[in-house]
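Single-structure report; data block below.
We did not get these values from a lab; they are worked out from the coordinates using the rules stated. Note that the structure is a prediction, hence the values are computed from the model and not measured. In this analysis, Cβ positions are derived from the backbone assuming ideal geometry, glycine residues included, and neighbour counts consider all displayed protein chains.
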Amino acid sequence: MIWGENGSGKTAVLEAIHTLSFGKSFRTHKPRSMIRNGDSSFVVKGMFSLQGSRDEIAAQVNKHSGQQLKLNGKSLSGRTEIIGRNNVVVLSPEEQPITKGPPVERRQFFDKMFSVSNRDYVKTLKKYSRVLKQRNAALLLVKENKSTVAVLKHWDEQLVDAGAKLWLMRVDLITQFKNNVESMIQRYDSSIRFKMVYFDEAPREETYRKQVRDALNTDLALGRTTVGPHRDEMLFIWDKRDLRNFGSQGEHKLALVLLKLAEMCFIRDNTGSYPILLLDDIFSKLDFERSQKIVSLLQSLENKPGEPVQTIVTTTDILNVESSGLMATGKETKTYRLERRCNT
């Protein structure tokens with residue numbers, strides 16, 4: 001447990017752990033924005049130990065040269081090489097856009113979870129993203145009369161091939177994840193009516209190819225590809241209502257908790273071990289009864305396989321966390337207090 005007043009750097013510790021685990025922060029997609037005012041760069045290093053093996057990971061972000069990652073002293077070409085090695089799940093108010101935000105937030109949530117759990121998924125996603133970027137560039141050239149429509153056929157076939165494979169994998173993995181969500185609901189409160197809506201079957205390749213052809217004029221007018229997996233919407237339904245548009249604050253908070261605990265179990269099912277759970281000031285956002293139920297649910301997950309879940313908690317109120325039961329007697333616990341530094 002890490003505790004201290006606001007501004008003492010508690011969330012920054014979790015942000016550092018996430019950066020070393022996934023190659024980027026959970027608070028921003030722009031690494032340079034994490035650099036402290038007045039500085040030109042930062043370096044963060046960490047050691048992860050899992051099932052007898054150890055990884056030393058370092059991330060350096062420079063205002064001019066961007067981000068550089070190292071794994072056990074070796075420079076990496078990108079984030080792909082560390083994704084899935086040391087997994088973390090973040091439960092933070094910063095993650096609420098997953099239920100409240102636009103479709104891209106939900107796509108990123110699922111893409112991240114599936115990427116750390118399945119190497120083939122991250123490879124397919126990376127290929128699709130690369131082809132999509134190249135097709136969009138070709139669309140702009142045609143729109144500006146710097147190229148011909150015939151050039152697009154090459155990219156169309158690659159797009160359909162990669163996109164169809166991505167859709168097949170995404171449908172299969174979301175179906176699996178739905179079972180994890182339903183399991184969490186049954187353990188927490190079986191009266192809750194919360195579900196996800198997505199394709200029951202992946203669109204056929206021929207159907208996808210026709211959609212790409214039919215959308216050509218629209219794509220040329222906009223200068224970007226308008227059909228494919230990158231446009232997916234995953235709906236969350238709470239008590240027969242679209243959660244994003246009609247959910248209460250309490251429903252959004254509880255839905256996020258259920259999704260994140262289901263994410264933990266999904267990753268364990270697919271990798272063989274629980275990820276590290278990062279709880280960022282979550283107990284100050286929930287009432288006492290819900291906090292205790294969440295702790296009980298977390299403890300039940302640990303008890304089933306007899307495997308502890310390493311949990312790192314930040315809070316401004318140490319008594320609130322202690323009263324939740326999270327730091328129950330018998331657990332190996334450590335407490336750190338952070339204090340704000342005054343610049344002189």
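Select from the stretch 57-77 the residues that are small (Gly, Ala, Ser) and in a strand (DSSP E or B) and write down the one among them that is farthest from LYS24 (Cα to Cα). Can you show your working first?
Kept after step one, since they are small (Gly, Ala, Ser), are these residues of the stretch 57-77: 58-59, 65-66, 73, 75, 77.
Keeping just the survivors that are in a strand (DSSP E or B) gives 58-59, 66, 75.
Details: ALA58: 12, ALA59: 9, GLY66: 12, SER75: 16 Å.
Among them, the one singled out is SER75.
In the stretch 71-103, which residues are touching a strand residue (DSSP E or B) at 6+ places or on another chain (Cβ under 9 Å), among the aliphatic types (A, V, I, L, M) and under 24 Å from ARG130 (Cα atoms)? Those that are touching a strand residue (DSSP E or B) at 6+ places or on another chain (Cβ under 9 Å), among the aliphatic types (A, V, I, L, M) and under 24 Å from ARG130 (Cα atoms): LEU76, ILE82.
Is it the case, given these coordinates, that VAL13 is farther than 30 Å from MET234 by Cα and assigned to a helix (DSSP H, G or I)? Before the answer, list the steps.
Values: farther than 30 Å from MET234 by Cα: yes; assigned to a helix (DSSP H, G or I): yes.
Judged against the criteria, VAL13 is a match.
Take the conditions (1) touching an Asp or Glu at 6+ places or on another chain (Cβ under 7 Å); (2) β-branched (Val, Ile, Thr); (3) over 21 Å from PHE22 (Cα atoms); VAL90 misses just one of them, which is (3). If you take the residues in the stretch 130-158 that are of a type in the set (Val, Ile, Thr) and in contact (Cβ under 8 Å) with a residue 40 or more places away in the chain, which one is nearest to GLU205 (Cα to Cα)? Filtering the stretch 130-158 for residues that are of a type in the set (Val, Ile, Thr) and in contact (Cβ under 8 Å) with a residue 40 or more places away in the chain, the one nearest to GLU205 (Cα to Cα) comes out as VAL149. The set of residues from the stretch 1-40 being surrounded by 15 or more Cβ atoms within 10 Å (Cβ to Cβ) and small (Gly, Ala, Ser) comprises GLY4, SER8, GLY9, ALA12, ALA16, SER21, GLY23, SER25.
GLU201 passes every criterion in (1) in contact with a helix residue (DSSP H, G or I) (Cβ under 7 Å, 6 or more places away or on another chain); (2) of a type outside the set (Gly, Ala, Ser); (3) surrounded by 14 or more Cβ atoms within 10 Å (Cβ to Cβ) apart from (3). Residues that are crowded, with 16+ Cβ neighbours inside 10 Å and either more than 30 Å from the chain's Cα centre (by Cα) or hydrophobic (A, V, I, L, M, F, W, C) (or both) within the stretch 217-231 comprise just one, VAL227.
For the stretch 1-50, enumerate the residues that are touching a residue at least 40 places away in the same chain (Cβ under 8 Å) and among the polar types (S, T, N, Q). So that I can check it myself, show each step before the final result.
Taking the stretch 1-50 as the starting set, the residues that turn out to be touching a residue at least 40 places away in the same chain (Cβ under 8 Å) are 1-11, 13-14, 17-24, 26-27, 50.
Across the stretch 1-50, the qualifying residues are ASN6, SER8, THR11, THR19, SER21.
Of all the listed residues (TYR198, TYR188, TYR208), the sole one being under 30 Å from SER291 (Cβ atoms) and hydroxyl-bearing (Ser, Thr, Tyr) is TYR188. If the condition is being crowded, with 17+ Cβ neighbours inside 10 Å and either of a type outside the set (Asp, Glu) or farther than 23 Å from ARG107 by Cα (or both), then the stretch 144-157 contributes LEU152, TRP155. Listed by position, the helices (runs of 4 or more DSSP H) inside the stretch 190-260 whose residues that are closer than 23 Å to GLY101 by Cα number at least 3 are 243-246.
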